[in-house]
Amino acid sequence: MTSPIVPPPKKDPQQRTRIQTLPAGARSRAALGLTAAAAEGRFMLQVCAECGAVQYPPRDACSNCLSVDLPWKDIAPGGRLIAETTVRTSTSTYFRERTPWRVGTVRLDAGPSVICHVHGDVARNGPVHIINRLDKSGQGVLFALPAERTQNMEDDPQLRELTANPKFRRVLITDGRSENALALAQAFAKAEASIIFIGEAEGWRPYKHREALRAVPSVQLVPLDVTDTSSVTELAAEIGGKTDILVNNARFMRPGGIMARGDTVFARDEMEVNYLGLMRLAQAFGPAMLGRGADGGNSAAAWVNILSVYAYANMPALGAFSASSAAAYSLSQCLRAEMRPGGIRVMNVYTGPTDDDWHQPLPPPKVAPSALARAIVAGLKDGLEDVFVGDVAQDLIDRWRAGPKILEREMSENDGGGA
Amino acid sequence: MAGRSIARKSYDGVVLAAPATVPYQRFSKETAHWWIARALRQSLQAAGLSPRDVDGFSVASFSLFPDTAVGLTQHLGLTPRWLDHIPMGGASGVAALRRAARAVQAGDADVVACVSGDTNQVDSFRRMLSSFSRFAQDASYPYGAGGPNACFALLTDHYMTTYGATREDFGRICVAQRDNALKNPHAVMKTPLTLEQYLGARMISDPIALFDCVMPVGGAEAFLVMREEDARAAGLPHAHIRSTIERHNAFPDDPIQMRGGWAMDVDELYAMADARPDDIDLLQTYDDYPVISMMQIEDLGFCAKGEGPAFVRAHDLTIGGDFPHNTSGGQLSAGQAGAAGGFIGLVEAIRQVTGTAGPTQVANAGTALVSGFGVINFDRGVCSNAAIISGAAA
């Protein structure tokens, strides 16, 4: 049985902060298919389009029929551990610091055998459930869980290396005024985050859920205005060294595309908050988080962006807002690359219309704040990079993957529910 | 595969001679080029030849980069008309022999120098592991970076579970080889090893412990393949090639490696040599880990699959024993000099059957079986081969 993790001790400021080392990140281009699937927490392998043979390791031609048509498909996750070892000596600094490390050979029900990380609760020669997750290098790796859930399963030290579990971590939610702030705070409290900092711009201005926020255990309201560089810098100076998970929920959004608006005032506000706000936060909090990726049980672990799924394809009824989301999406890819050396996960959570005042005229389905908050915490527990919340977002990404140009035309038919 | 129509041609008229070993060093500041040059020179001197007499050159090495056998011709001043570079690691010795023998037999070359050598600089082993093969890079190295220790730990664990082998059984192989190594002045390991010490050693990657692992070293090995008449004329001790087999990626559907390609071709190995396992006076297996030696003992027909543990309990594997095995101490006790680990058994076997093994000489060593095993591309060794060789008197 996994021992439950305990709250990490207070940090001794005289001790050197451990530097993040990384597992080997080199992969062939074919193997990056595993990484792409892991970004969404899917266990996929190549399956020959001609003969149906499941392939592993990833390759360029079918080992059964030499077809080069090897699409990635979701694979049944069952298998059995047929051999195992505990690595005690490793040539990699990353693993050296983390031995003993359990590794095994699993024969998949789907056919091939894989070498994978093995959870401490898997029995010798026992049944397993394979998951595909991102490691600290941001590359997809296979991990064998026990076939049946066990107590404190999430606390397995090898599994925690692949996740950004909020338990005992300190979270910053950047915008307390947002209609999802309360749901987020409650979800992180439930996930046992040790401190939940909540940013509040212009604290003197009242908003309806302020008292409810203050009542959530572990919440601390802090001044933060993402449009104000000095506000962001000041807060980072104060809590940047103990921000383990940053959730950027600050957003400015108004309906309308180009010609429905007579000027660029709203567009400028959208860029100030949605794009430049992200950049200010990243410039202020990024370096400190980058340096704390291996800082014990409450190391810096993840950066969460809540983005509109219209970042992928412009919704003309929300055209200017969509454009600012696309800018933020592009910047998030840059942030992901820059955070990678620290082993910090950058998770983008894409939503369709959310159930709030500014989407009031839109028809359902809309994403409720509580559903968004649940998806964020679940995504962190799974260490994901891309989460699509709700039916609209999932439908849109499926269409985008099938053909972005077709989707563009479809979007122009969509009036956004008469907005 | 099935229904082979043409009987394989014998290796009549071709012999192996001038075995050479450059004493190994734990770490070396030198390069693979330096080690290979020394082995080549030693082998040629033993044969009374100059570099200009060599018209065939075969090289196996992991640490030559960015060079290959091509760069070595210019570097070493050779002008061969037949050139080979063998990337088969632990199977490179028998592979070199097979290819060179046919070249000499066909008249494409008169004398082929087969050389293998690698250096072992501080940190070069780690760098080699991380980029050993594409599948290893993608699908085994990211999982603990245990290298071959971890891969063989998985094979060993599975073998133990399946056949009830114990660590003592593997220990017998290691302890006997250390006993042999103590007679080999060039062996890196120079102190005796008891079964108690073997069992008490620290775990490296369970169930692989310290004495299951080879010591990476710098070193080089070489031999010559030439016409029998030329060897006779020069008065060189020489060995005949009675049969060989080779197989790659055998049994790909086995969920984990329990046998090598030898199991596919062993009947042909003995049939071509007109021999039986009882006729073998000594066995040189590829021994980077004892489990793979045990599999070779099984797959080469000395006992049935799964009976390896009982076999090693019932036999004495030392030089003076009833089943002499890895008489130089093998890689486990003499050291693993990179790709030269694929040559060590063959070079020692040539010495044994020509009666020139000196302190490790097995009495009446007429016929030897040498097997090679190479390249853990992902989860298993891909290359396997074997040869039966005999001294001139056999």
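Things worth noting here:
- Of the criteria (1) without any contact (Cβ under 8 Å) to a residue 60 or more places away in the chain; (2) more than 17 Å from B:His238 (Cα to Cα), which one B:Gln361 fails: (2)
- Every residue from the stretch B:290-320 that is touching a Pro at 6+ places or on another chain (Cβ under 7 Å) and on the phi > 0 side of the Ramachandran plot: B:Gly301
- Screening the candidates A:Asp391, A:Asp386, A:Asp382 for the property of being open to solvent by 20 Å² or more (accessible area, probe 1.4 Å), in contact with a Phe, Trp or Tyr (Cβ under 9 Å, 6 or more places away or on another chain) and of a type in the set (Asp, Glu) yields one hit, A:Asp386.
- Residue selected from the stretch B:189-221 under the condition touching a residue at least 40 places away in the same chain (Cβ under 8 Å) and among the charged types (D, E, K, R), by the criterion surrounded by the most Cβ atoms within 10 Å (Cβ to Cβ): B:Glu221
- Boolean, B:Phe125 is farther than 30 Å from A:Asn125 by Cα and at the interface with another protein chain (Cβ under 9 Å from one of its Cβ atoms): yes
- B:Arg41 vs. criteria without any contact (Cβ under 8 Å) to a residue 60 or more places away in the chain, part of a helix (DSSP H, G or I) and either buried (at least 17 other Cβ atoms within 10 Å of the Cβ) or basic (Lys, Arg) (or both): yes
- Residue within the stretch A:60-78 that is within 9 Å of chain B (Cβ to nearest Cβ), open to solvent by 50 Å² or more (accessible area, probe 1.4 Å) and in contact with a Gly (Cβ under 8 Å, 6 or more places away or on another chain) present: no
- Residue in the stretch B:44-69 that is most open to solvent (accessible area, probe 1.4 Å), counting only those that are of a type in the set (Asp, Glu) and part of a loop (DSSP other than H, G, I, E, B): B:Asp67
- Here the helices (runs of 4 or more DSSP H) wholly within the stretch A:132-219 that include at least 2 residues being buried (at least 22 other Cβ atoms within 10 Å of the Cβ) are A:181-190.
- Scanning the stretch B:222-237 for residues that are buried (at least 24 other Cβ atoms within 10 Å of the Cβ) and either touching a Ser or Thr at 6+ places or on another chain (Cβ under 7 Å) or farther than 30 Å from B:His33 by Cα (or both) yields a count of 3.
- Among the residues making up the stretch A:291-320, those that are open to solvent by 20 Å² or more (accessible area, probe 1.4 Å) and assigned to a loop (DSSP other than H, G, I, E, B) are A:Gly291, A:Asp295, A:Tyr312, A:Asn314.
- Selection from the stretch B:222-235 of residues that are touching a residue at least 24 places away in the same chain (Cβ under 8 Å) and not in a strand (DSSP E or B): B:Glu228, B:Glu229, B:Asp230, B:Ala231, B:Ala234
- In the stretch A:1-46, the qualifying residues are those that are within 11 Å of another protein chain (Cβ to nearest Cβ) and among the charged types (D, E, K, R), and the one that is surrounded by the fewest Cβ atoms within 10 Å (Cβ to Cβ) is A:Arg29.
- Listed here are the helices (runs of 4 or more DSSP H) enclosed by the stretch B:261-359 that have at least 1 residues being open to solvent by 10 Å² or more (accessible area, probe 1.4 Å) and of a type in the set (Phe, Trp, Tyr): B:262-273, B:308-314.
- Flag for B:Val104 being in a helix (DSSP H, G or I), within 25 Å of B:Leu224 (Cα to Cα) and either within 14 Å of chain A (Cβ to nearest Cβ) or touching a Lys or Arg at 6+ places or on another chain (Cβ under 8 Å) (or both): yes
- Of all residues in the stretch A:87-114 being more than 7 Å from every other protein chain (Cβ to nearest Cβ) and assigned to a loop (DSSP other than H, G, I, E, B), the one that is farthest from A:Cys62 (Cα to Cα): A:Glu97
- Residue count for the stretch A:134-156 under the criterion of being closer than 20 Å to A:Val87 by Cα and in contact with a His (Cβ under 9 Å, 6 or more places away or on another chain): the result is 8.
- In summary, A:Glu84 fulfils each of the numbered conditions (1) acidic (Asp, Glu); (2) at the interface with chain B (Cβ under 9 Å from one of its Cβ atoms); (3) assigned to a loop (DSSP other than H, G, I, E, B) with the single exception of condition (3).
The values are calculated or read from the model by the stated rules, or taken from the named source; none is laboratory data. Everything numeric in this text was worked out from a predicted model, so none of it was measured. Please note: Cβ atoms are built from the backbone with ideal geometry, for glycine as well, and neighbour counts cover all protein chains shown. Protein only, heavy atoms only, side chains kept; ligands, DNA and RNA dropped before computing areas. Shrake-Rupley method; radii C 1.70, N 1.55, O 1.52, S 1.80 Å.
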